[in-house]
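The values are calculated or read from the model by the stated rules, or taken from the named source; none is laboratory data. As the structure is a prediction and not an experimental result, all values here were calculated from the model. Every residue, glycine as well, gets a Cβ built from its backbone with ideal geometry; the counts of neighbours run over all protein chains shown. Surface accessibility is based on the protein's heavy atoms, side chains included, excluding ligands, DNA and RNA. Shrake-Rupley method; radii C 1.70, N 1.55, O 1.52, S 1.80 Å.
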Amino acid sequence: MKILYIEDEDFIRKNAIEYLNYLSDFVYEAKDGLEGYEQYLQIEPDIIICDIIMPKMNGLELIEKIRLNDIKTQIIVATARIDTEFLIKAVELKLVKYLTKPISEDTLLFSLQEAIKLLETNSSNIINFNNEIKFDVLNKTLLKRNELVKLTNKELLFLEICLKNTNRAITYKEFENFIWEGNMTEDALHSVVKSLRKKLPDDTLINISKIGYKLNLK
C-alpha cells in the first residue's frame, strides 16, 4: 500500500512518517496542499492522510480536486475541529474517517485498517438509501437532503447490526442482546423502529413476522 501523508507542521509530519514507515515500505510526504496534489499525481497513492488547514491549498480543496476523477483512493482527514459543515462534506467526499487532533497511533492504525478493507473489497463506507438519504458507516453520520439527521445511540446500534447483515433478517433476540444487553422491552424496540422509519426512506425497515427486522436496500 502506498500512503501519502500531507501535513504542514513539520514536527507532526515527522512523527507520523516515522510511525507509518513501520507499517509500509511506501510512505510519501508533502508539506502543503499544492505539494500534496503534485505528489498524488506522481505516485498515485492507495491511501491519503491529510490535514485540513494548510497553506497554498487547504485539505478540503485538495480532496475536492482529487474526487473530480478519483473515488477509489481512500482518504483520511486530520482536523482540529469538526463542525456541521465539515460532517456534511465528509459524506459528500467519501472520506474513510475524520480524526480529531491530536491523533493517537492506535486511532490512526484503526483508520488505516478500515481504509485497507475498503480497498480490498472495492466497497465504500457510504450507504445510499436513495438519492436524498445517505449514511456514513464509519463516521456514523446520517444525511437527508444534505442536512445532518440526529440519531440516538440505540438507533445507531440498530442500523449497525442491520447493515452488517443485509442478506437476512435480524432476530428480536439479536436486537435485545446487541442493543439492550439482554434487557429489551417490546415497546422500547418499537420506539426505535418507529423513530428510524421517520428518518429513513419508506419500506427501508421491513418487519418479518415472528422473527425480527430486515433492512431493505434498493
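The GluC sites (Glu not before Pro) of the stretch 1-89 meeting both criteria, a DSSP state outside H, G, I, E and B (loop) and at most 15 other C-beta atoms within 10 angstrom of the site's C-beta, are Glu9. For the set Met1, Met57, the ranking by accessible area, highest first and with no ligand, DNA or RNA atoms included, is Met1, Met57 under a 1.4 Å probe.
Can you give me the C-alpha center-to-center distance between the stretch 1-53 and the stretch 111-158, rounded to a whole angstrom? Centre-to-centre distance over Cα atoms comes out at 25 Å. Which shape class applies to the stretch 60-218: rounded if a/c is under 1.5, otherwise prolate when a/b exceeds b/c and oblate if not, where a ≥ b ≥ c are the square roots of the Cα gyration tensor eigenvalues? Prolate. Among Leu148, Leu41, Leu60, the largest mean-square fluctuation in a Gaussian network model of the chain (Cα springs under 10 Å) belongs to Leu41. Once the chain from Leu87 to Ser104 is taken as fully extended at 0.36 nm per residue, the excess over their C-alpha distance is 4.0 nm.
Computed 3J(HN,Hα) for the stretch 100-112, one whole-Hz value per residue from the Karplus formula 6.51 cos²θ - 1.76 cosθ + 1.60 where θ = phi - 60°, is 8, 5, x, 9, 7, 4, 5, 5, 5, 4, 4, 5, 5, glycine and proline marked x. Can you tell me, using C-alpha contacts under 8 Å and at least 6 residues apart, the relative contact order of the chain as a whole percent? Relative CO of the chain lands at 13 percent. Label positions at Arg145 and Asp70, each projected 7 Å from the Cα along the C-beta direction, are separated by 3.5 nm. Here the stretch 182-218 and the stretch 84-105 have alpha carbon centers that stand 29 Å from each other.
How big is the charge dipole of the stretch 1-124 about its Cα centre, in debye rounded to the nearest 20, if each Lys and Arg gets +1 on its Cβ and each Asp and Glu gets -1 on its Cβ? Please report the intermediate quantities before stating the final value.
Values: 14 positive and 23 negative charges, 58 e Å.
Its charge dipole is roughly 280 debye.
Only helical runs count toward this figure. For the chain, summing -39,500 (n - 2.57) over DSSP H runs of n ≥ 4 and dividing by all residues gives -13000 deg cm²/dmol at 222 nm. Applying both filters, DSSP loop and at most 12 other Cβ atoms within 10 Å, to the trypsin sites (Lys or Arg not before Pro) of the stretch 22-89 gives Lys72, Arg81. Which of the lysines could a cross-linker bridge to Lys31, judged by Cα under 28 Å and excluding same-chain residues fewer than eight apart? In chain and number order, the partners are Lys2, Lys14, Lys56, Lys65, Lys72, Lys89, Lys94, Lys97, Lys101, Lys117. Here the dipole of the stretch 97-218 is about 380 debye; that uses its Cα centre as origin and unit charges on the Cβ of Lys and Arg (positive) and Asp and Glu (negative).
From the convex hull of the Cα coordinates of the stretch 1-46, what is the mean projected area in square nanometres? Show your work: numbers first, answer last.
On the way: hull surface 11.2 nm².
The number I arrive at for the stretch 1-46 is 2.8 nm².
Give me the extension gain from Glu186 to Ser124: residue separation times 0.36 nm, minus the current Cα-Cα distance, reported in nm with one decimal.
On the way: separation 62, 0.36 × 62 = 22.32 nm, distance 3.38 nm.
Fully extending the segment from Glu186 to Ser124 adds 18.9 nm.
The 3J(HN,Hα) values that the Karplus relation (6.51, -1.76, 1.60; θ = phi - 60°) gives for the stretch 115-128 are, in residue order, 4, 5, 4, 5, 5, 5, 9, 6, 10, 10, 8, 9, 9, 9 Hz. Gly and Pro appear as x.
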